[in-house]
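Below: one structure, written as structure tokens.
The values are calculated or read from the model by the stated rules, or taken from the named source; none is laboratory data. Values in this document were obtained by computation on a predicted structure and should not be read as measured data. Because the Cβ atoms are built from the backbone with ideal geometry, glycine has one as well, and the counts that use them run over all protein chains shown.
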Amino acid sequence: MNKSVYASPDQVSETKRHILTVLVDNEPGVLARVIGMFSGRGYNIDSLNVAEVSNDENISRVTIVTHGTSEVVSQIEKQLLRIVPVHSVTNLDQEGSSVEAEVALVYIYISETNKKKVYQLCDLYRARKIENENNTTIFEIAGASERVNRFIKEINEITKVEIVRSGPVAISSIKKNEEE
Amino acid sequence: MNNEITGAEIVLKSLAEQGVEVVFGYPGGAVLPIYDTLFKQNSIKHVLVRQEGGAIHAAEGYARSTGKTGVVLVTSGPGATNVVTGLTDAMMDSVPIVCITGQVPQHLIGSDAFQECDTTGITRPCTKHNYLVKDVNKLSSVFHEAFTIAQNGRPGPVLIDIPKDVQFASGTYEEKNKIIIPSHRLFEPSPDFEKNKIEEGVELISKAKKPIFYIGGGCINSGPKASKLVREFINMVGSPVTMTLMGLGVVGSSDKNSLGMLGMHGMYEANMAMHECDVMINIGARFDDRVTGRLDAFSPNSKKIHIDIDESNINKTINVDVPIIGDVKQVVEKMISIWKEKNYKIDTDSLKLWWDKINEWKEVDCLNYNNEGKQIKPQYAVQRLYELTKNTKTFITTEVGQHQMWAAQFYKFEEPNRWLTSGGLGTMGYGFPAAIGAQVGHPDALVVDIAGDASILMNIQEMSTAVQYRLPVKIFILNNEYMGMVRQWQELLHGGRYSESYTDSLPDFVKLAESYKAVGLRAKTTDDLDNVINQMIETKNTVIADIWVTKEENCFPMIQSGSAHNEMMLSKDQKQDKKSAEKGKILV
């Protein structure tokens, strides 16, 4: 990233995709603090997802997909922890096993000639048609980013589409001692 | 409820409960209710500055010289934007500051109202944390949390933005001890923190043959006791020690173990020792680029121990072998007890060889300069200032540039908290308001701002503040009519093309002082110098001493950008090789 002579000579590890999940107090400005840290220090955000996860405690979970060497990503984690309303930062790749998913909504331009192909493909990928008042063909597909990517690539080969994606959310799949 | 008070009263009550004695500020429309409440009380003193930028540097000077939190009170819009430089400065140098800004009333927020700006948005990256308080009942808890955050862990600036309607609204006050701050919002090392790492670190030190302690500003932030412990530990080990610009004073300059400052304009022996050491013990420093020089050639053969309260400093630029996260005072105390308990001792023979080597480097006499003639050399001016003030309780502040480095090299600091300079951000205009703050905190001490002719003009308006509050601050200008450090870099790296670094039409500093009803003195030759310094010290008034120094003096030794510790430049004749000079040119 930084090629100056002040750059660390030890940065030899390869650039990888990382999913960070950050628990934050749900207070005004908290998202700006998180993304401001990324832009201010020159880190990358590939996708970002944020939603409140516990009503009673006012905690939100931010899922950030980033890429960088392990040195850079470890620096990102430490910088995130400095932000006052941040509770915890987990690097799901480091933890080893996690499950991730994202949602895409796809507006498909459909015609008599491609209709059959489109429905076949959607069936194959278990993309669900969303009923709507205008009766347009909008499909919803959920799953790992890879799967969504493949679906989009293939549907693009058939017809014109318009896409919106949520970016992935992820959760650790490691067995925990379940209380209660 | 009857025990409700106004938001403005809550502000003052919170400050009083936090033990605040003085606030540096400047009034304006959006903070009038707070100024009105301030008028009706006597426990908190207000120092009126002449520009908000002066207020925050004064608060920094106050904080760094007293160890307390500096408090700033300014209005919305331009009041808030004028403190941004100072907030960033405090962020970089870890100074505890609470800055209160007024904001337009809530119903006007977002309407581009008069003197409205997105203060929390603008200051987010340059504060440790900031608040926009919308509910008057949360005001006291925000204040108590803000003070805790500013002081806790690695200190820093915290800003509280208060809309005018919240200052007028009535609400209840909650006392400090009733506020529970969730632990994730603070830095709290566990009581048994990093015990293994500390043991590993101490063992590593005990086996060192060529150890060096590398001491930073974190030791000063950890309190005077930390400096005492650091000195004690270094004495036990018998190791040489070098300090960063921010760490000067942690170990006394006259201490037999001290090699003085390291880094870009540090001592030759300190930098060589850093380069050649086998165990480096970094206590409260952050491997800043001014210290490390070229990273791939930084202390290539050493094992490194790094004690820092801020985990993000670990492996940020330099990978270390033994990281220890914690407060200097606590960690070093533990190190001492482990050292004693295990009866560790460094191998005396190798330590002696190491000191022999260091003494050889010392013979280079890197601070040597040509002091012939009647013209005052800037180095000589600082040396005389030191000699004539060393027996007085003296605080030295500086602006930024050559004079700052000469002050760091030639003024000898024996105690922590006596040296206030803008290290991380390098803010010209810092020194004079910081001196005002230090003088407010220490009314009976001698406070001298060693300044350059360019830097001093950046906050010269604060003369009026110093005179109003009868603060006998001394401004000691090393006047060479140049932005000296810019000129030096232009000479060394840009073929001597002095683009815009000469200041034409400088004011007559003596008359300038007199126009503020302060005292102006001038030294033109070495014959005047001692006289002027003595007169300056004896004057019980604000003084500007205009010291005319040789104009094109360079600050040496110097590690040029892109060079390593063992490639120091001792004089102008010794040029950097072309290739690394070209590489270094792009750096700052």
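Among B:276, B:311, which is the only one that is without any contact (Cβ under 8 Å) to a residue 40 or more places away in the chain and either within 14 Å of chain A (Cβ to nearest Cβ) or on the phi < 0 side of the Ramachandran plot (or both)? It would help to see each step written out before you state the result.
Values: B:276 fails: without any contact (Cβ under 8 Å) to a residue 40 or more places away in the chain.
Criteria check complete, one pass: B:311.
Got at least one residue in region B:155-162 being assigned to a loop (DSSP other than H, G, I, E, B), modelled with pLDDT of 95 or more and small (Gly, Ala, Ser)? Yes; the residues of region B:155-162 include at least one that is assigned to a loop (DSSP other than H, G, I, E, B), modelled with pLDDT of 95 or more and small (Gly, Ala, Ser). Evaluation of residue B:499 against the conditions (1) buried (at least 21 other Cβ atoms within 10 Å of the Cβ); (2) part of a loop (DSSP other than H, G, I, E, B); (3) not basic (Lys, Arg) shows that the sole unmet condition is (1).
Within region A:67-180, which strands (runs of 3 or more DSSP E) (wholly inside it) include 2 or more residues that are touching a residue at least 40 places away in the same chain (Cβ under 8 Å), surrounded by fewer than 12 Cβ atoms within 10 Å (Cβ to Cβ) and outside the structural domain of residue A:48 (by TED's automatic domain parsing)?
Here the list reads A:161-165.
Among the residues of region B:314-333, the ones that are within 14 Å of chain A (Cβ to nearest Cβ) and closer than 16 Å to residue B:198 by Cα come to 5 in all. Would you be able to say whether some residue in region A:16-28 is over 13 Å from the mean Cα position of the chain (by Cα), assigned to a helix (DSSP H, G or I), surrounded by fewer than 19 Cβ atoms within 10 Å (Cβ to Cβ) and within 13 Å of chain B (Cβ to nearest Cβ)? The answer is no, given that none of the residues of region A:16-28 is over 13 Å from the mean Cα position of the chain (by Cα), assigned to a helix (DSSP H, G or I), surrounded by fewer than 19 Cβ atoms within 10 Å (Cβ to Cβ) and within 13 Å of chain B (Cβ to nearest Cβ). In region B:80-92, is there at least one residue being of a type in the set (Gly, Ala, Ser) and outside any helix (DSSP H, G or I)? Within region B:80-92 (the criterion being of a type in the set (Gly, Ala, Ser) and outside any helix (DSSP H, G or I)), the answer is no, since none of the residues qualifies. Filtering A:45, A:35 for residues that are among the aliphatic types (A, V, I, L, M), away from chain B (no Cβ under 11 Å) and closer than 18 Å to residue B:125 by Cβ leaves a single hit, A:45.
Could you pull out the residue among B:426, B:431, B:452, B:401 that is modelled with pLDDT of 95 or more, on the phi > 0 side of the Ramachandran plot and surrounded by 20 or more Cβ atoms within 10 Å (Cβ to Cβ)?
Numbers: B:426 fails: surrounded by 20 or more Cβ atoms within 10 Å (Cβ to Cβ); B:431 fails: on the phi > 0 side of the Ramachandran plot; B:452 fails: on the phi > 0 side of the Ramachandran plot.
Going through B:426, B:431, B:452, B:401 in turn, the sole match is B:401.
The strands (runs of 3 or more DSSP E) falling completely within region B:269-358 that include 3 or more residues that are closer than 21 Å to residue B:231 by Cβ and in the same structural domain as residue B:200 (by TED's automatic domain parsing) map to B:279-283, B:303-308.
Any idea how many residues of region A:48-66 are of a type in the set (D, E, K, R), in a loop (DSSP other than H, G, I, E, B) and more than 11 Å from every other protein chain (Cβ to nearest Cβ)?
Filtering region A:48-66 for residues of a type in the set (D, E, K, R) gives A:52, A:56-57, A:61.
Now narrow it down to the ones that are in a loop (DSSP other than H, G, I, E, B): A:56-57.
From what is left, the residues that are more than 11 Å from every other protein chain (Cβ to nearest Cβ) are A:56.
So the answer is 1.
Number of residues in region B:148-160 that are surrounded by fewer than 23 Cβ atoms within 10 Å (Cβ to Cβ) and over 19 Å from the mean Cα position of the chain (by Cα) equals 1. Does residue B:245 satisfy being more than 14 Å from chain A (Cβ to nearest Cβ), under 19 Å from residue B:155 (Cβ atoms) and either touching an Asp or Glu at 6+ places or on another chain (Cβ under 9 Å) or of a type in the set (Ser, Thr, Tyr) (or both)? Criteria met by residue B:245.
Residue-by-condition table, conditions (1) under 26 Å from residue B:248 (Cβ atoms); (2) assigned by TED's automatic domain parsing to the domain that holds residue B:442; (3) not acidic (Asp, Glu):
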| site | (1), (2), (3) |
| --- | --- |
| B:60 | yes, no, no |
| B:64 | yes, no, yes |
| B:75 | no, no, yes |
| B:78 | no, no, yes |
| B:84 | no, no, yes |
| B:89 | yes, no, no |
| B:97 | yes, no, yes |
| B:102 | no, no, yes |
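Among the residues in region B:250-267, are any out of contact with any helix residue (DSSP H, G or I) (no Cβ under 7 Å at 6 or more places or on another chain), more than 13 Å from every other protein chain (Cβ to nearest Cβ) and assigned to a strand (DSSP E or B)? Within region B:250-267, one or more residues are out of contact with any helix residue (DSSP H, G or I) (no Cβ under 7 Å at 6 or more places or on another chain), more than 13 Å from every other protein chain (Cβ to nearest Cβ) and assigned to a strand (DSSP E or B). Of everything in region B:121-154 that is among the hydroxyl-bearing types (Ser, Thr, Tyr) and part of a helix (DSSP H, G or I), the residue that is farthest from the other protein chains (Cβ to nearest Cβ) is B:140. Taken over region B:13-61, residues that are farther than 20 Å from residue B:433 by Cα, in a helix (DSSP H, G or I) and among the charged types (D, E, K, R) amount to 3. Specify the residue that is surrounded by the most Cβ atoms within 10 Å (Cβ to Cβ); the eligible residues are those in region A:38-57 that are within 14 Å of residue A:68 (Cβ to Cβ) and in contact with a helix residue (DSSP H, G or I) (Cβ under 6 Å, 6 or more places away or on another chain). My answer is A:43.
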